[in-house]
């Protein structure tokens, strides 16, 4: 294994609430795949709510112990994204992340990657359009 990945996760914990949406299921499954099969040494889970790394690791763990180390941090701290080289967000809205990266003078410091689960909702199409106007790169 080698490498790191920073994941932008607004909520503190991982899991499905009482009324999950399809994107919630998809994002949880993808985060579990990153942790279990992504080949990463370290996942940085960046959240708005302080959450113990052990809680995140437990939510990502499968039947076998994780070999990927989990660290948590604040969404506002860009150092972990820079260290990882890539910041992943489980939705199409990358514009605000691109502008925050630019505002911090870190335009080329790390990549941004997002997930488009569906383009049906008008808000998702708007987020994709806004990303095309933000300082993103191929």
Note on region 96-133: residues crowded, with 17+ Cβ neighbours inside 10 Å and either assigned to a loop (DSSP other than H, G, I, E, B) or within 14 Å of the chain's Cα centre (by Cα) (or both) are 97, 98, 110, 112, 114, 117
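If you scan region 4-22, which residues turn out to be part of a loop (DSSP other than H, G, I, E, B), over 20 Å from residue 97 (Cβ atoms) and out of contact with any helix residue (DSSP H, G or I) (no Cβ under 8 Å at 6 or more places or on another chain)? It would help to see each step written out before you state the result.
Of region 4-22, the ones part of a loop (DSSP other than H, G, I, E, B) are 9-21.
Those still in the list that are over 20 Å from residue 97 (Cβ atoms) too: 13, 15-21.
Matches in region 4-22: 18, 19, 20, 21.
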Among the residues of region 23-49, the number that are in contact with a strand residue (DSSP E or B) (Cβ under 9 Å, 6 or more places away or on another chain) and over 26 Å from residue 98 (Cβ atoms) is 1
Among (1) surrounded by 14 or more Cβ atoms within 10 Å (Cβ to Cβ); (2) closer than 23 Å to residue 117 by Cβ; (3) free of Cβ contacts under 8 Å to residues at least 40 places away in the same chain, residue 8 falls short only on (3)
(Q) Looking for something surrounded by 13 or more Cβ atoms within 10 Å (Cβ to Cβ), touching a residue at least 12 places away in the same chain (Cβ under 8 Å) and assigned to a loop (DSSP other than H, G, I, E, B) - is there at least one such residue anywhere in region 23-39? (A) yes
Apart from one, (1) surrounded by 13 or more Cβ atoms within 10 Å (Cβ to Cβ); (2) in contact (Cβ under 8 Å) with a residue 12 or more places away in the chain; (3) outside any strand (DSSP E or B) all hold for residue 58; the odd one out is (2)
Among (1) modelled with pLDDT under 90; (2) under 12 Å from the mean Cα position of the chain (by Cα); (3) crowded, with 16+ Cβ neighbours inside 10 Å, residue 44 falls short only on (1)
Flagged in region 88-138 as touching a residue at least 60 places away in the same chain (Cβ under 8 Å) and under 15 Å from residue 78 (Cβ atoms), in numbering order, are 88, 89, 97, 110
Sole miss for residue 64 among (1) under 20 Å from residue 34 (Cα atoms); (2) modelled with pLDDT under 90; (3) part of a helix (DSSP H, G or I) is condition (3)
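Name the residue that is nearest to the chain's Cα centre (by Cα), counting only residues in region 83-95 that are in a helix (DSSP H, G or I) and crowded, with 17+ Cβ neighbours inside 10 Å.
Applying the first criterion (in a helix (DSSP H, G or I)) to region 83-95 yields 83-84, 95.
Applying the additional criterion that residues be crowded, with 17+ Cβ neighbours inside 10 Å yields 84, 95.
On the way: 84: 12, 95: 14 Å.
Step by step, filter region 83-95, then rank; the result is 84.
The values are calculated or read from the model by the stated rules, or taken from the named source; none is laboratory data. Bear in mind the structure is a predicted one, so any value in this text is a computation, not a measurement. Don't worry about glycine lacking a Cβ; one is built from the backbone with ideal geometry, like all the others, and counts go over all protein chains shown.
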